Structures are given as structure tokens and as C-alpha cells.
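Scroll down for the structure; my scribbles are underneath it.
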Amino acid sequence: MKKVVKFGGSSLASAEQFKKVGEIIRSDAARRYVVPSAPGKRHSGDTKVTDLLYQLYDSTEDEALFQETLKEIKGRYQEIIDGLSLDLDLGAEFAELEKNFRAHCGREYAASRGEYLNGHVMAAYLGFPFVDPADMILFHNDGSFNAEETEREVAAKLAGYDCAVVPGFYGRKQDGSIATFSRGGSDVTGSVIAGAIHADLYENWTDVSGFLCADPHIVENPAVIETITYQELRELSYMGAGVMHEDAIFPVRKEGIPINIRNTNRPEDSGTMIVSSTCRKPRYTITGIAGKKGFCSITVDKDMMNSEIGFCRKVLQVFEDNDISLEHMPSGIDSMTIVVHQSEFLDHEQRIMTGIHRAVHPDQIILEDDLALIAVVGRGMKDQRGTAARVFAALTHEHINVKMIDQGSSEFNIIIGVKSRDFENAIRAIYTIFVLTQI
């Protein structure tokens, strides 16, 4: 069995955290390919090493600040090395880093060195070979990821290793320069490696015991999602939930490899399993709740609209002509509603209004601002009668007026529109009725 294990920055912020990671890896012989992030914050007032590297790169013209920041970065790594009692000298790596920083090798190169240096520490600590992702994670010169060629290169490179440490977050462009992934970069690296070597499981270790049913800033101690499908994950991610980025999902989803989100500080917790499909019944009717503020709706009313060929197309063409993307479009017999980001709409408001009038001659156009959208997602919803009714009951109990409701044909999700002022209360009400009381 082969597992790829990725550890986030909080899991590797100090020697004590490294020791926890070491115990996790050594407790399972299948954990053979390790993807480390750069050291994160050791405490709330701390600075991530990646941020220090950016600061170092931007201070090459200020020698005093440059030396002070370089000393701080070296100290962070030396503290970990000493805490692990390693016989490791990063002097050569730091000398190369300083030379390249002074030569202005680029901010992507600067950002990547946190993972690069931590990879060397991790390899020395575990006794695993160090494999530089710049030798196999490939980008086009325009910065876009070269997925197809990367898959071949990773498979060929790692075929010669029974185990390895591969730093996350970065790779190499065609011209030889360093390129980085954007959001969730180390997650993407781990996913790419798992897919390329046909791993049996991709474990993503962080500082939480899996995905939560709701935002913990809104709901106190929300329940952990035990199992979630890729489809549910995408629905929640799209609505702003703090879950893995689509780029970090695709390589393993394509291979049918499950992902296990685990907590480095609570390795006994089973975490969340992300799977393509499952017969497992969800613990609750819903899998999760997520949402975002900052929307507005444009409702176009016209009698006999449904019999007018091309009506919807003409209205949508107005938005396309103004470069406005749509979020949702619930409709009735004589009306259609377009939900868009309010910040984008305001810049083109009157132009769009005029365009709609000229295109379809509506009876009226109704605008509703300061809306929030909430997605209630769950594979268990389609087998449960009265799910929408329970949502309405929960909101009615809290005196929250529903401005919009849209249920997908797959019955995996219900989108509710409420006023932004009711957003947090609405999420708490829905969570309470489905998870706490399970009415």
C-alpha cells in the first residue's frame, strides 16, 4: 500500500510539531511519500516563514533589514534542527538563496524556498531521500500548470524511490525558472504526486480534524463531516467554504483516489474522507452549510414571457456584454431573476437596466441589494422528504424572510437567498434544525 502524506505549515512550525509528524509517518509503513509545507506560525503573533522570505526579497536594497530578516529565517530553521538533534548544515542552501535573492530571481523563487529548506530538514529527520519538485513539477512559461507532462515526469522520477520527501508548492517553468502554485499550493503538489504514482490514499494533515459542517466563526463547535463526495465538496467550495481548492482535487479525483483530511495534533481522530461516491449513509440529512454575502438580484417581469422565443437569451446577453458573470438564475412563468455580485453590478447598473429595457421591453425590473446566498448541501437530501420545508421552518422560527430559493435537479443542494443582515442567524438556524435537533 502506498500513501502520500502532506503536512501544512502549522504542522511543521516547530521542532515539537516535527516530532508529532515523525511519529505519524513512522506509525504506518505505507506513508512513504511526504510533502511538507514551509514552517507556519508557532503562535498567534508569529510570522510565517514564507512571509519572511517575501520580506527578505523586498529588502535587498536595505542591507540592514536584509541581514536582520535573513538572520531571523536562519534562526527559525536552526531552532527546528537543534530541537530534533539533527546533524544538518543548511549553510550551502542559504548561500545559494542569498545569491539568487540579490540577483532578483523572482518572487516565486523567493516564496518557494520555505518549502525547499523545510524539505531538506524533513528528509534528514526521516532518513528519506530528498527529491526537488523543480525536477518534475512542470509549468508552461506563462505560469500555467503543465499537468500532462508533470504526470509523466513524476511517475518516472519517483519510480526509482521507495520513499521520498518532495517539498510542496513549487516546480519549474520551461525556461528553468521557479514557478509556484497559487492558493493551496502544497495541497496541489500532494495531489499530483498521489495521482501520478497511483497511491492508495492521499492524507492531508493540518490543524483541524477534518471539514466542518459549518463555519466555526458562525456556529459554535460545528460537527465534523465524516465522509463527503467530490460533488458535495465542490458545491460547498463554490459557496465559500474553507475546503480544498478544485486544483488540489482533480489529480486524485481522476484516479479515484480518496483523500483523508487529518489533524496532526489529534492523530487519533479519523478526520474527513473525500471520495468519488459512497454507500455510507451520512450522519445527518445535510453534509454541510456554506454561504457568501455581497449579492444583488435583478428580477425581470413581463406577461407572457414564456411564449417569447429568445427572451432569456436576450436578457443574459446584456450581462455578457457588460462582462458580468451570473451566480444563479431562478425563474417563473412571467419572470426571471439574475443573481450577481453586487460590487460588479454597481459599476454597470444603469447600462444594464437600459440594455434590458431595449432588449425585451419588460413590464418592470425589480432590484434587490445586500443579499447573501446560503447553500445547504448533502447527498442524504434526495432520500429525505421535507428537506426544503425544514429549511423554511427554521428560518421562519427566526423571523428571517427568504428572498430566493433554488434547488438543483440533482437534489444535492438548496440555495437560499436572504438579506445580508440575516446571514449568520440563518446559518445557525439551519444548522440547529438539521444537526443539533435533527427534527
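The values are calculated or read from the model by the stated rules, or taken from the named source; none is laboratory data. Nothing here was measured: the structure is a model prediction, and the numbers come from that model. Quick reminder, even Gly has a Cβ in these numbers, built from the backbone with ideal geometry, and neighbours come from all protein chains shown. Just so you know, the surface numbers come from the protein's heavy atoms only, side chains and all, with ligands and any DNA or RNA stripped out. Shrake-Rupley method; radii C 1.70, N 1.55, O 1.52, S 1.80 Å.
For the range 247-270, the tally of residues that are part of a helix (DSSP H, G or I) and in contact with a helix residue (DSSP H, G or I) (Cβ under 7 Å, 6 or more places away or on another chain) stands at 8.
Give K403, K419 a once-over and let me know the one that is in contact (Cβ under 8 Å) with a residue 40 or more places away in the chain and open to solvent by 80 Å² or more (accessible area, probe 1.4 Å).
Of the residues listed, the single one that is in contact (Cβ under 8 Å) with a residue 40 or more places away in the chain and open to solvent by 80 Å² or more (accessible area, probe 1.4 Å) is K403.
The condition of being closer than 23 Å to R280 by Cα, surrounded by fewer than 17 Cβ atoms within 10 Å (Cβ to Cβ) and of a type in the set (G, A, S) holds for only one of A388, A393, that being A388. Cβ-Cβ distances below 6 Å connect the following pairs, each with a first residue in the range 427-439 that is open to solvent by 100 Å² or more (accessible area, probe 1.4 Å), a second residue that is in a helix (DSSP H, G or I) and modelled with pLDDT under 95, and a separation of six or more residues or different chains: I439/I433. Sub-8 Å Cβ pairs linking a first residue in the range 16-35 that is farther than 13 Å from A123 by Cβ and part of a helix (DSSP H, G or I) to a second residue that is open to solvent by less than 10 Å² (accessible area, probe 1.4 Å) and small (G, A, S), at least 6 apart or interchain, are Q17/S11; K20/S11, ordered by first then second residue. Set side by side, the residues V49, V35 differ, and just one is within 30 Å of L158 (Cβ to Cβ), touching a strand residue (DSSP E or B) at 6+ places or on another chain (Cβ under 6 Å), of a type in the set (A, V, I, L, M, F, W, C) and surrounded by 13 or more Cβ atoms within 10 Å (Cβ to Cβ), which is V35.
Inside the range 109-163, can you point out the residues that are touching a residue at least 12 places away in the same chain (Cβ under 8 Å) and on the phi > 0 side of the Ramachandran plot? Result: G143, single match. Within the range 282-376, considering only helices (runs of 4 or more DSSP H) that don't extend past its boundaries, which have at least 1 residues that are touching a strand residue (DSSP E or B) at 6+ places or on another chain (Cβ under 8 Å), touching a residue at least 60 places away in the same chain (Cβ under 8 Å) and open to solvent by less than 60 Å² (accessible area, probe 1.4 Å)? Output list reads 349-360.
Tallying residues that are among the polar types (S, T, N, Q) and touching a strand residue (DSSP E or B) at 6+ places or on another chain (Cβ under 6 Å) within the range 206-228 yields 2.
Looking across the range 58-88, the residues that are within 21 Å of Y109 (Cα to Cα) and either open to solvent by 30 Å² or more (accessible area, probe 1.4 Å) or out of contact with any helix residue (DSSP H, G or I) (no Cβ under 9 Å at 6 or more places or on another chain) (or both) come down to D58, E61, D62, E63, L65, Q67, E68, K71, E72, K74, G75.
For E96, the conditions (1) touching a residue at least 12 places away in the same chain (Cβ under 8 Å); (2) out of contact with any strand residue (DSSP E or B) (no Cβ under 7 Å at 6 or more places or on another chain); (3) assigned to a helix (DSSP H, G or I) are fulfilled apart from (1). Scanning the range 131-188 for residues that are closer than 15 Å to G114 by Cα, of a type in the set (A, V, I, L, M, F, W, C) and part of a helix (DSSP H, G or I) returns a single hit, A134.
Yes or no: T150 among the hydroxyl-bearing types (S, T, Y), in contact with a helix residue (DSSP H, G or I) (Cβ under 7 Å, 6 or more places away or on another chain), over 21 Å from H198 (Cα atoms) and open to solvent by less than 40 Å² (accessible area, probe 1.4 Å)? So T150 fails the test. In the range 406-416, the qualifying residues are those that are more than 23 Å from E368 (Cβ to Cβ) and in contact (Cβ under 8 Å) with a residue 12 or more places away in the chain, and the one that is most open to solvent (accessible area, probe 1.4 Å) is E411.
Could you tell me which residue of the range 248-280 is modelled with the lowest pLDDT, considering only residues that are of a type in the set (G, A, S) and touching a Gly at 6+ places or on another chain (Cβ under 6 Å)?
By that ranking, first place goes to A248.
Can you tell me which residue in the range 189-204 is surrounded by the most Cβ atoms within 10 Å (Cβ to Cβ), limited to those that are of a type outside the set (D, E, K, R) and not in a helix (DSSP H, G or I)? It comes out as Y202. Condition first: closer than 30 Å to P282 by Cβ, open to solvent by 20 Å² or more (accessible area, probe 1.4 Å), part of a strand (DSSP E or B) and touching a residue at least 24 places away in the same chain (Cβ under 8 Å). Can you find one or more residues in the range 213-232 that meet it? Yes; the residues of the range 213-232 include at least one that is closer than 30 Å to P282 by Cβ, open to solvent by 20 Å² or more (accessible area, probe 1.4 Å), part of a strand (DSSP E or B) and touching a residue at least 24 places away in the same chain (Cβ under 8 Å).
Residue by residue through the range 99-108, note down the ones that are out of contact with any strand residue (DSSP E or B) (no Cβ under 6 Å at 6 or more places or on another chain) and either assigned to a helix (DSSP H, G or I) or in contact (Cβ under 8 Å) with a residue 24 or more places away in the chain (or both).
We begin by selecting, within the range 99-108, every residue out of contact with any strand residue (DSSP E or B) (no Cβ under 6 Å at 6 or more places or on another chain); these are 99-107.
Listed by number, the residues that qualify are K99, N100, F101, R102, H104, C105, G106, R107.
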